[in-house]
Each structure stands twice: as C-alpha cells, then as structure tokens.
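What follows draws every value from the coordinates through simple rules; no lab data is involved. None of the values given here were measured: they were computed from a predicted structure. We place every Cβ from the backbone using ideal geometry, glycine too, and count neighbours over all the protein chains shown.
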Amino acid sequence: MIPGSEGSSRPEAVLQDFSVTRYQPTTDKIMRMHAQTAMIENGFVHIPQSAPWLAEYLHEMTVFPNGKHDDQVDATAQFLEWFQKPFPGQNIFEYYRREAEKLKPQSEPEKRKPPRPVNVRVKAPSGIGAVQTFSGRHINVGLDGLVEMSEEDAFYLIPAGWTILGDAT
C-alpha cells in the first residue's frame, strides 16, 4: 500500500509523501537519448525478455528518431540521466557504509594480502567505440579495442563480452 493512499482515490492523497521534481531538459530528445546510448549498449540497462509492453517499447526504441511516437524513448533517456545523478540523502548511506567498514574485524598484519592492482587492461567486443563504466567514467575505445579501467568496472563488462587481459602495469 502506498503511504497516504488508504481509503482515498485522490491523486493528491497518494502523492503527499513523495517529492516530485520537474524535469527541465537542456537539449532535444535526440541528444538526450544519444547521451545514454553507451550505457544501454554496454549492458547496464536491463530489459525483461517478456512483458506486455515490450514489443511496442522495443519498436519505438529501434525506429527512433524516425518513428511516429517517441515518448517512451524520451522517458527512458530522462530516467537514465536522472539515475546517474546523486540523490538527496545519498551521503547518509555513504556515511553508514564507512562506519560499517570500521566495525569489521581488523586483520592481523601477517594475514593481509598485498593489494590488488587498481587497473586492468581489457579488450572490448568488436564494434564498440566507447563505454560508460559502472563507476561513471566515459572511456573511448581505441582502434585496437584495448582500454584500461579499474578491476571493478571491468568485472561488470565481462557478461557483455569484454575480456580482461591482465594487470595494467
């Protein structure tokens, strides 16, 4: 049950506990969607394999910008842009994450492993010219298909066909 919606069919009652921020576009729909293509192409957007709305959605996405309708494309671009921005209150989550790290048992010095390399070299699948990493970095891929990124970012690209070649030393 949505907070504030008990016994009411009025939209105001349903929305009273939510904060709504108006979206103010600064570019046209084509540019907004273009800014999100790397995130989609690199597998960071999950689309279900079956849904009642899926055929219409995929059609609209694939014929954009030449299709009759573009509302779902624009909504997708706006959501992905919003999703990448820090949200109000995000710092409290980071604070508690750091506090929880402090509570973890400290390892004995002789049991600690040497730190892993920070960066690794990866090979992009054929045809990829750029990647938007999980950490938010935008990296252009050279003609040889090789890029250097953090091991954590590389981990998320493996299911999309990227190959880790080794440490970037």
Check: Tell me, what is the percent relative contact order of region 20-83, built from C-alpha pairs under 8 Å that lie six or more residues apart?
Finding: 42
Margin query: If amide hydrogens are placed 1.01 Å from N in the peptide plane, which non-local residues have theirs closer than 5 Å to the one on F134?
Written below: none
Next item on the list: Give, rounded to the nearest 20 debye, the magnitude of the charge dipole that region 115-169 has about its Cα centre when Lys and Arg contribute +1 at Cβ and Asp and Glu contribute -1 at Cβ.
Entry: 60
Notebook entry, point to check: HN-Hα J couplings of region 60-75 from phi, Karplus 6.51/-1.76/1.60, θ = phi - 60°, integer Hz, Gly and Pro as x?
Noted result: 4, 5, 7, 8, 4, x, 9, x, 6, 10, 9, 5, 5, 4, 5, 5
Notebook entry, point to check: Between G43 and residues 5 or more places away or on another chain, which pairs have amide H atoms under 5 Å apart, with H built 1.01 Å from N, and which residues are they?
Noted result: none
Item checked: Rounded FRET efficiency, nearest 0.05, which uses the C-beta distance separating E151 from A75 and R0 of 45 Å -> 0.85
